[in-house]
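> Structure in structure tokens, see below.
The values are calculated or read from the model by the stated rules, or taken from the named source; none is laboratory data. Predicted, not measured: the structure shown is a model, and the values here were computed from it. Using ideal geometry, Cβ is built from the backbone for each residue, glycine included, and neighbour counts are taken over all protein chains shown. Keep in mind that these areas ignore ligands, DNA and RNA; they rest on the heavy atoms of the full protein, side chains included. Shrake-Rupley method; radii C 1.70, N 1.55, O 1.52, S 1.80 Å.
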Amino acid sequence: MKFEAATLPDSPESLKEIILDLQDRIEGLEASYQKETSILYEQLRLLRAKLFGRKSEKIPPDSTVEVLPLFDMPEPEGEEAGPEEIPVKGHQRKKGGRKPLPADLPRVEKVHDIADSEKTCGCGCPLTRIGEEVSEQLDIVPARMQVIRHIRPKYACKCCEGALDEGPTVKIAPVQPQLIPKSIATAGLLAFIMTGKFIDHLPFYRQEKQFSRLGVKISRSSMSTWAMQAAQACIPLLNLLHDELLAANAINIDETTVQVLKEPGRDPTSNSYMWIFRRGDPDKQVLLYQYHPTRAGDVAADFLGEYTGYVPAATDPSSGYGWQPRPKPYRRG
């Protein structure tokens, strides 16, 4: 604030009043300055504490910070109450260790005995076995390949050479039924390959390397052909599961996105869908998976046919497969 000499009053009392008013204003500004400065210092201290201070909320023992009580508890009147003693029963701590190996696993015993020359005492008497120490280790037998030879003996009559028999001249047992006719793969080998592919997520090229280490060459193209033939052979079983699923009072349906890399007529980045149909009866659960390129409601309608049970409406209104029961019973075509 500036004052011009011409505007100042000549009276000493008036000048004193102006000086006192300026002094009050300056003291107010200094107080405000001190308050703002203290706030800035506190913010700076908090910032430094967050950047370079302790991250734990635990207060160190040598700290001068006074911990306030959470609740205003009144002090006990009269004599100070001593610490309350609560009797605690003694307990025995369980000793940690390995879990026992499953009892149903086969055991191979290996006896590690001392030499016969050490079984004689210094006095000349033979030592007597008084006990033993047993420890167990878990071992694995690697997979091994084997060839199953199907031998079918042939029978014929050397006397008449079958002329007097109405049946065939040479008799032989019929060929045993196989999952894939005229294939070198047994049901056990197919189950091993399918489990590795669809359960353990091992591609066929990795399984090809595994079989190569076992001394057998099985190409990935052969395994792919076997997988398609095995799926074709399982269609009757899938039809039975379909019938069991449709016999339920309620069926849950859901779908999830998948990507197919080499699908004819479609971009590899486009979304396809894996549909899941689940029988709602908890005592007799059935799960069926079906692949479809879309999530339209016609997929569920074609699967259910004339199903008369209930299908709970989906939470997503765009799914389109929540509806009321059909009026006619289901019949397989």
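> Output the pairs from Lys99/Lys284; Lys99/Lys217; Lys182/Lys217; Lys217/Lys262; Lys197/Lys284; Lys154/Lys217 with a Cα-Cα distance over 29 Å in this structure; if there are none, say none.
Working: Lys99/Lys284 35 Å; Lys99/Lys217 40 Å; Lys182/Lys217 18 Å; Lys217/Lys262 26 Å; Lys197/Lys284 27 Å; Lys154/Lys217 32 Å.
Among Lys99/Lys284; Lys99/Lys217; Lys182/Lys217; Lys217/Lys262; Lys197/Lys284; Lys154/Lys217, the Cα-Cα distance tops 29 Å for Lys99/Lys284; Lys99/Lys217; Lys154/Lys217.
> A further question on this structure: If you count only protein heavy atoms and use a 1.4 Å probe, how large is the accessible surface of Glu118, to the nearest 10 Å²?
About 110 Å², ignoring ligands and nucleic acids.
> Order the following by accessible area, largest value first: Met274, Met223. Probe radius 1.4 Å; ligands, DNA and RNA are ignored.
On the way: Met274 55, Met223 0 Å².
Reading off the accessible areas and sorting them downward yields Met274, Met223.
> Report the label-to-label distance for Cys157 and Glu244 in nanometres (one decimal), using points 7 Å from each Cα along the Cα→Cβ vector.
5.0
> Same structure again: Do me a favour and compute the ellipsoid semi-axes for region 8-50 from its Cα gyration tensor, root of five times each eigenvalue, largest one first, whole Å.
On the way: eigenvalues 326, 6, 3 Å².
Those come to 40, 5, 4 Å.
> Using only Cα atoms, figure out Rg for region 123-235 and give it as a multiple of 2.2 N^0.38 Å.
Scaled against compact globular proteins, the figure is 1.93.
> Now for a separate question. Evaluate the distance, in nm, between pseudo-label points positioned 7 Å from the Cα of Ser270 and of Glu85 along their respective Cα→Cβ axes.
Inter-label distance under the simple model: 8.4 nm.
> Ok, one more. Sort Val170, Val311 by heavy-atom solvent-accessible area, probe 1.4 angstrom, most to least.
Val170, Val311
> On to the next question. Quick one: order Phe204, Phe303, Phe192 from most to least accessible surface, probe 1.4 Å.
The ranking, largest first, comes out as Phe192, Phe204, Phe303.
> Please compute the volume of the convex hull spanned by the alpha-carbon atoms of region 248-313 and report it per residue in Å³. Walk me through the numbers on the way to the answer.
Working: hull volume 6.0 nm³, N = 66.
Hull volume normalised by residue count: 91 Å³.
> Moving to a separate point now. For Leu179 and His150, compute 0.36 nm times the residue count separating them, minus their Cα-Cα distance, and round to one decimal in nm. Show your work: numbers first, answer last.
Working: separation 29, 0.36 × 29 = 10.44 nm, distance 1.53 nm.
Stretched out fully, the Leu179 to His150 stretch lengthens by 8.9 nm.
> Here's another thing I want to ask about it. Give the calculated FRET efficiency between Leu8 and Leu29 to the nearest 0.05, with a Förster radius of 30 Å applied to their Cβ-Cβ distance.
0.85
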